[in-house]
Structure formats: structure tokens, C-alpha cells
1. If residue A:123 satisfies every condition in (1) farther than 14 Å from residue A:88 by Cβ; (2) assigned to a strand (DSSP E or B) but one, which is the exception?
2. For the range A:101-120, which residues satisfy the criterion of being without any contact (Cβ under 8 Å) to a residue 24 or more places away in the chain and either part of a loop (DSSP other than H, G, I, E, B) or out of contact with any strand residue (DSSP E or B) (no Cβ under 9 Å at 6 or more places or on another chain) (or both)?
3. Filter the range B:25-46 down to residues that are assigned to a loop (DSSP other than H, G, I, E, B) and under 16 Å from the mean Cα position of the chain (by Cα) and give me whichever is surrounded by the fewest Cβ atoms within 10 Å (Cβ to Cβ).
4. With respect to the numbered conditions (1) touching a strand residue (DSSP E or B) at 6+ places or on another chain (Cβ under 8 Å); (2) at positive phi; (3) modelled with pLDDT under 95, which one is the sole condition not fulfilled by residue B:12?
5. Just to be sure, is residue B:49 in a loop (DSSP other than H, G, I, E, B) and either more than 22 Å from residue A:69 (Cα to Cα) or touching a strand residue (DSSP E or B) at 6+ places or on another chain (Cβ under 8 Å) (or both)?
6. Mind checking whether some residue in the range A:76-85 is more than 14 Å from chain B (Cβ to nearest Cβ) and more than 20 Å from residue A:147 (Cα to Cα)?
7. From B:69, B:86, which residue is closer than 27 Å to residue A:56 by Cβ, modelled with pLDDT of 95 or more and part of a strand (DSSP E or B)?
8. Hey, any hits in the range A:62-81 for a residue that's out of contact with any helix residue (DSSP H, G or I) (no Cβ under 6 Å at 6 or more places or on another chain) and either touching a residue at least 60 places away in the same chain (Cβ under 8 Å) or closer than 20 Å to residue A:156 by Cα (or both)?
């Protein structure tokens with residue numbers, strides 16, 4: 001049995017009886033905080049990832065950006081990365097974005113048990129691999145136009161969800 | 001390690017991949033990302049996929065970082081400093097179904113990880129395996 005626990009009651013947000021400057025200032029702060037608290041949980045990390053993808057695109061826009069023979073990360077590759085970020089389920093842990101010498105931006109998840117999922121959006125396909133244990137690995141590919149494969153989403157939700165359930169009574 | 005010993009790779013040998021790019025690892029979580037092991041696409045000049053590594057068994061930390069400064073940073077077109085390294089054992093590489101081929105240019109301890117498969121998803125699997133096995137060592 002699971003139990004969702006609210007962070008606070010609604011009552012604290014709607015209290016607006018003060019007339020002083022301090023009360024009005026406090027109300028404005030509370031209002032802003034309430035708006036922020038009601039944003040989707042993942043908006044923060046998605047926004048950070050958008051910026052990160054754009055930054056990588058700028059830093060790696062020229063061929064040879066790694067000092068060796070790396071292909072440039074083209075604006076189309078950055079756009080595809082942004083689309084994939086937008087399509088990610090909101091209740092996943094934020095992935096890392098890693099520039100690849102082959103001209104795209106990879107997604108990587110890892111956890112403290114050294115489970116790793118690496119996903120690479122290439123020109124026309126999504127290539128992915130998961131190492132869940134030394135003897136438990138999966139990999140595959142799918143057409144890029146289809147977005148995230150369901151098998152991969154299921155795997156990410158199982159191992160890299162940012163939702164924590166508490167058991168009633170425990 | 002003698003010259004003849006450098007031709008043979010013992011499964012227990014330490015294999016180090018120097019890291020020049022901040023985005024190839026997470027220092028806080030002590031994790032190396034799979035892309036750090038990605039072999040470049042074959043070209044006419046280099047028709048075989050290779051990941052450059054060094055065999056660092058039996059030498060001390062100062063010497064390992066010294067090799068990085070002298071043979072990685074100094075030969076890099078942008079002179080990027082070595083930020084850390086990903087340490088594996090040779091067995092980890094062999095277990096991934098890959099080879100370690102001694103290639104004493106530019107240094108006697110230099111080698112290449114070879115034997116990469118042709119399918120991209122299989123390459124992704126092998127670099128992810130190496131990332132799981134890698135120990136991140138940051139440059140002091």
C-alpha cells in the first residue's frame with residue numbers, strides 16, 4: 001500500500017490578511033513559491049538539460065572540438081536532443097548529457113549500484129545499452145522518429161525513477 | 001616492466017584511459033561515462049576502431065600523471081590538461097570481448113583497445129560495460 005504525502009496544507013498559502021509592507025512582501029514571496037511548487041516536478045531538471053544541450057552544441061559546433069578528429073555536433077543533433085529531453089517521462093531521474101566524438105549528444109543514467117544506461121541518438125536511430133549487473137545487460141536500437149522505445153522507458157522507470165513511495169505504517 | 005613483458009598483457013594489468021573532457025565523468029559520483037571509451041569512427045588514415053589507453057601496472061602515481069602530461073596533453077592539438085583517468089584491469093577489457101594491442105607509439109606503455117564489433121548497439125554495450133567497471137581517479 002502506498003501513501004502520497006503532501007508537502008504542506010493549502011491553508012498556509014492563502015493567508016493574506018496583513019496590511020503592512022512586510023506582509024505584502026511576504027505574500028508576494030509566498031505566491032511565487034506556490035507557483036514554483038506547483039510546477040511539474042521535473043521542469044527544473046529538464047530546463048537545466050535544455051541549457052546543457054545547447055551549451056554542448058555551442059562548445060562542439062566545430063569538427064575536431066575534442067582536439068582529435070571528432071565530428072561537429074550539428075544544430076540538428078542538438079534539436080533532436082531537445083526533443084528527446086521533452087519526451088522523457090517527468091518522474092525520471094535527470095540523465096547526464098555527454099558529447100560524443102561521432103557528432104551527437106548521449107544520455108547517461110547511473111546509480112550507486114553502478115547500474116548504467118547509455119542512450120545515443122544517431123542520425124536516424126536511437127542506440128542504447130543498459131548494464132544492470134555484471135550478468136544482466138540489455139541493448140538495442142530503434143528508429144529515431146519513434147522517440148523513446150517503450151522497453152527503454154520501462155527500464156528507466158524501474159531503475160531510475162525519482163518517485164519514492166512510503167509504506168503506510170512503516 | 002621489461003620490453004618483452006610489455007608485449008604480453010596480463011589479465012591483472014592495470015589499463016588507464018586518460019580523461020581530458022570534464023563531461024566524460026562525474027567527480028562527485030565517481031563515475032566515468034561510457035562515451036569516454038568510445039572509439040572514433042574508422043577513417044582512411046585509421047581504418048580500425050581503436051581506443052587509446054596506457055598500461056600503467058607497476059609504476060607509481062607520479063609517473064602515471066607524468067605520462068599523461070608528456071604524451072597526452074603535450075601531443076593534444078589544444079593542449080588540454082589531463083583531468084583524471086579511468087582505470088580498468090586488462091581482464092575487464094577481455095571480459096568485454098575486446099583486445100588490448102600494444103602500440104608503443106608515442107610511449108612504450110601505450111596500447112589500443114581493439115576488436116570493436118561492427119554493430120553500433122554492440123559498441124554501445126561494450127563501452128557501457130567498461131564504464132561500469134572503470135574506477136575514476138582524479139588528478140591531484
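1. Every condition holds for residue A:123 apart from (2).
2. A:112, A:113, A:114, listed by residue number.
3. That would be B:40.
4. Failed condition: (2).
5. The answer is yes for residue B:49.
6. Within the range A:76-85, not a single residue is more than 14 Å from chain B (Cβ to nearest Cβ) and more than 20 Å from residue A:147 (Cα to Cα).
7. Every option except B:86 fails the conditions.
8. yes
The values are calculated or read from the model by the stated rules, or taken from the named source; none is laboratory data. Being a predicted model, the structure only gives us computed values, none of them experimental. Counting neighbours? That spans all protein chains shown, and the Cβs are built from the backbone with ideal geometry, glycine included.
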